[in-house]
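A short reminder: the numbers here are calculations on the coordinates, not readings from a lab. Small disclaimer: the values here were computed from a predicted structure and weren't measured. Neighbour counts are summed over all protein chains in view; Cβ atoms, including those assigned to glycine, are modelled from backbone coordinates with ideal geometry.
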Amino acid sequence: MNSSEREKIKAAYKATFTKKIEEVSGNCLAEASLLKQYQALAEMVMESITSQWAKTNTLYNKNESKQVYFFSIEFLIGRLMKSYLSNLGVEDLVQECSAEMGLDYEAILSQESDPGLGNGGLGRLMACYLDSSSAMGMPAHGNGIRYKYGLFEQRIINGEQIEVADNWLKNGYPFEIRNPDKSVIVKYYGQIHSENINGNLTFVHENYEPIMAVPYDVPIKGYRNETVNSLRLWSAEPLEAFDLPCFNQGHFLNAVRHKSEAEAISQILYPNDNGFDGKLLRLKQEYFFVCAGIKRIVVDFKRSNNNSMDGFSDKICIHINDTHPALCGPELMRVLMDEEGLGWDDSWKITVAALSFTNHTVLPEALEKWPVDMMKDLLPRIYMIIEEINRRFLLELDNEFPYDLERNHSLSIIRDNYVHMASLAIVSSHSVNGVAALHSKILREETFNGYYQVFPNRFYSVTNGVSPRRFLMNSNPELKTLITESIGSAWEHNLFHLKKLLNYISDPVFYEKFEDVKLANKIRLANYMTSHNNVNVDPHSIFDIQVKRIHEYKRQLLNALHVLYLYNRLKENPNLEMAPRTFIFAGKAAPGYYYAKEVIKLITAIAELVNADPTLHDKLKVVFLANFNVSLAEIIYPAANISEQISTAGKEASGTGNMKFMMNGAITLGTMDGANIEILEAVGPSNIVTFGLSADEVHHYQKYGGYRSIDIFEQDPRIQQVLHQLIDGTLGHGLSFQAIYDSLLLYNDGYFVLKDFSAYADAQNQVDHLFRNPTIWTKMSISNVANSGIFSSDRSIADYQREIWKII
Ligand code: 26W
């Protein structure tokens, strides 16, 4: 494009934007608020996407290529405006025009609410997979719930987490289209009776409670291509808002009760990450989006397939994201048999061929199991089908392993009066996969070993990945520019090209530019901390960051105890030689998770102690950033020097934050867990710092009753001092962390915090030495960026295509 063409386009943009402002606000540009400016821009974006969206859908409706549907109870998509602009290739234009019109581009973008429709890793993974599928021009869609309230907003008040409702829809949401014409009725409760209709046994559902599922579609635009896929989020509504006869009799409250009961289903996201709590409303949610999603897929498929279900599983993949959508199996069976009139065997073949299942956790407390009575009552027909799936499965087992009653009972989908959802998902899918090599191995050898013996060919491994567009190009534009200037732009379409950066591994000019980018990003985060936490930090200090959900197994506690130990060392020797450090934490605790909330309290108490102490000469700072979400994450990753990935080995299925840090040049300080192991393989041992027990060692201790934490305590004066400080008032008057203290000593330290403490302290020492040699440090940092290509979610999607969905 020559410059006069560009000027023309800019003039057109400005005129359209000015007109849009009038349309959305009834005011002229000079008087329009930031919110209205954002809404105007959002409308323009939607207008430029929708015709491509319609074209993509027309193409898909011909059923020529296989469609993938991600069923997930969470989609943590984050803000979308910047992605849309960048994917459309107009970000520079909009930025330039905004500046010329005297508008504040970043401020306009920050008007967008951040849809927190997920808890953490699993929900964010889905968002990255949607982004990658579109970028790769692959037909894949999301199917989930449009929660009215997403994950709570976290405030820190007096050092404690306070939860505030996340009313993300309060100003409306411009990137969704409500499609009431595609609504589906979901049926709960009632009775099933069988009838003989024309010689066929037919099941009829009576006296059920109907709820309307209304879809809202969000376009997922591919990076600089023509593909626009869909994220379909279902909202629950009553069939009729009002019970009119009731209303007319004057029972006003009763007349609307049905409305609020119906709406309750999509009212709020359960805030538990890795913990199952068995609530009826949650089971309603699970069936809600499964039933609505499957119905729509079947209707759309038949419409373009001469009203027939032939070839369904050749054209449709239903991907189950953890067990929350495991009812896809029995629901698809129900539709095929009760609505499409197919027999059991044909229906079962189609179901197993269409379904695939990814597991995201091995923590036993997270594995879902629903009481039989609850399931039978709420979903009578679904329960009948599960019983039949199980009966046939047990028959098969009995054939294969006759008289092995104990084994066969342990594999039963229904056992001890519960429906075990992982069992249901495995039996009704053609593939089961873990999300990192170690995790998949643990699934095969431990968690699902019994099923692995029955279905050895069903088990796969696909290592997670993250969107390089969101977590590198859009969140670290300075680094993006430097990379493209150095190696050209091919990496923007294939992240493996980042390897070319290794050519600059000894180039002092590149070094300097690379360091400047990191410093600029650290200054940006430092400013954020000054304005949000009222703490001033030195941008030249090591930014040592742990951001993720707060959980015992992720061991924020290990990090916090080590900070306290460093504090003690500095108090003892104020001249201690060490690079200044800023320890940064962020993450939400599940509202009912007492222990995790205590850990937040502990971190903020340590921050108070450390930051107020002038004798430390600014060598140590601790910051807890409130309300970790996708938008905050985008500021944090580019500014990191150290990425803390210190879970108890064998517990973190993969981790994805570790990949986002790596892409932005942070050095991983981690245990041999999840995808950390693959990060080590990708960067080589000299560009990462690892420590601690291996998963095998942890497993071994656990098998033989743990280790004796008191022994470590008695041998290690550093640990004695730190643990005493938890309860002796060091951390503030009246503040005592007895529960944490007890968990470590009285209850034997189930997550091996004390056991790994010494190795962690050594590793931290090593980090200090490395950082104090800037040449080595920068080389390590560049190597991390250069070798991060394998952790692009484009690679993960390609793996799924090839191995699991069998799309060539
Ligand atoms: C039923 C309660 C519940 C809620 C959420 C159980 C389990 C979950 C998720 C499966 C937890 C989760 O998000 N797991 C994370 O998934 C990421 C993506 O695969 C992995 O990178 C993380 O290691 C894993 O903890």
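Shown is the FRET efficiency for residue 306 and residue 721, computed with R0 = 51 Å from the Cβ-Cβ distance and rounded to the nearest 0.05: 0.10. Distance between the pseudo-spin-label points of residue 484 and residue 93 (7 Å out from Cα toward the beta carbon): 1.5 nm. Exposed loop sites were defined as GluC sites (Glu not before Pro) in DSSP loop states (anything but H, G, I, E or B) carrying at most 14 other C-beta atoms within 10 Å; in the chain the longest segment without such a site runs 241-576.
Taking a Cβ cut-off of under 9 Å around residue 691, the surrounding Lys, Arg, Asp and Glu residues balance to a net charge of -2, with basic ones at +1 and acidic ones at -1.
Label zone of residue 576 (point 7 Å out along Cα→Cβ, amide N under 11 Å): in the stretch 756-781 this covers 765. Extension gain, residue 194 to residue 177, is 2.2 nm, computed as 0.36 nm per intervening residue step minus the present C-alpha separation.
The calculated 222 nm mean residue ellipticity attributable to helices in the chain amounts to -14500 deg cm²/dmol, summing -39500 (n - 2.57) over DSSP H runs of n ≥ 4 and dividing by all residues.
Spacing of the modelled spin labels on residue 694 and residue 203, each 7 Å from Cα toward Cβ, amounts to 4.8 nm. Using a simple spin-label model with pseudo-atoms 7 Å out from Cα toward Cβ, residue 535 and residue 61 lie 5.5 nm apart. Only alpha carbons enter this Debye calculation for the stretch 436-582, each as an equal point scatterer, and the log10 of I(q)/I(0) it gives at q = 0.15 Å⁻¹ is -1.08. Extension gain for residue 162 to residue 702 (0.36 nm times residue separation, less C-alpha to C-alpha distance): 190.9 nm. Separation of the alpha carbons by more than 31 angstrom is noted, of 8/221; 221/651; 187/369, for 221/651.
Give me the compactness ratio for the chain, meaning the Cα radius of gyration over 2.2 N^0.38 Å.
On the way: Rg = 27.5 Å, N = 808, 2.2 N^0.38 = 28.0 Å.
For the chain, the normalised Cα radius of gyration is 0.98.
When the listed pairs 441/588; 500/554; 500/660 are checked against a 24 Å cut-off, the alpha-carbon distance exceeds it for 441/588; 500/554. Determine, at each q value in 0.15, 0.22, 0.23 (inverse angstroms), the log₁₀ of I(q)/I(0) that the Debye formula gives when each Cα of the stretch 706-780 is one equal point scatterer. Debye output, listed in q order: -0.63, -0.94, -0.99.
Residue 806: which lysines have alpha carbons under 19 Å from its alpha carbon, excluding same-chain residues fewer than 8 sequence positions away? Of all the lysines, those that pass the test against residue 806 - Cα under 19 Å, at least 8 places apart if same chain - are 66, 315, 349. Scalar couplings 3J(HN,Hα) for the stretch 310-327, obtained by applying the Karplus form with A = 6.51, B = -1.76, C = 1.60 to θ = phi - 60°, are 4, x, 3, 6, 7, 10, 10, 10, 10, 9, 9, 8, 6, 7, 4, x, 5, 5 Hz; x denotes Gly and Pro. Computed from the mean reciprocal separation of all distinct C-alpha pairs, what Kirkwood hydrodynamic radius does the stretch 321-411 have, in Å? The Cα-based Kirkwood calculation yields 14.8 Å. Full extension of the chain between residue 453 and residue 344 yields a length gain of 36.7 nm, computed as 0.36 nm times the residue separation minus the alpha carbon distance.
Only sites in a loop by DSSP and with at most 11 other Cβ atoms within 10 Å count here; which trypsin sites (Lys or Arg not before Pro) in the stretch 42-84 make the cut?
Numbers: sites: 55, 62, 66, 79, 82; in loops: 62, 66, 79.
In loop regions of the stretch 42-84 (DSSP not H, G, I, E or B), the sparsely surrounded trypsin sites (Lys or Arg not before Pro) are 62.
Length, then width, then depth: along the principal axes, the Cα atoms of the stretch 282-375 run 46, 26, 23 Å.
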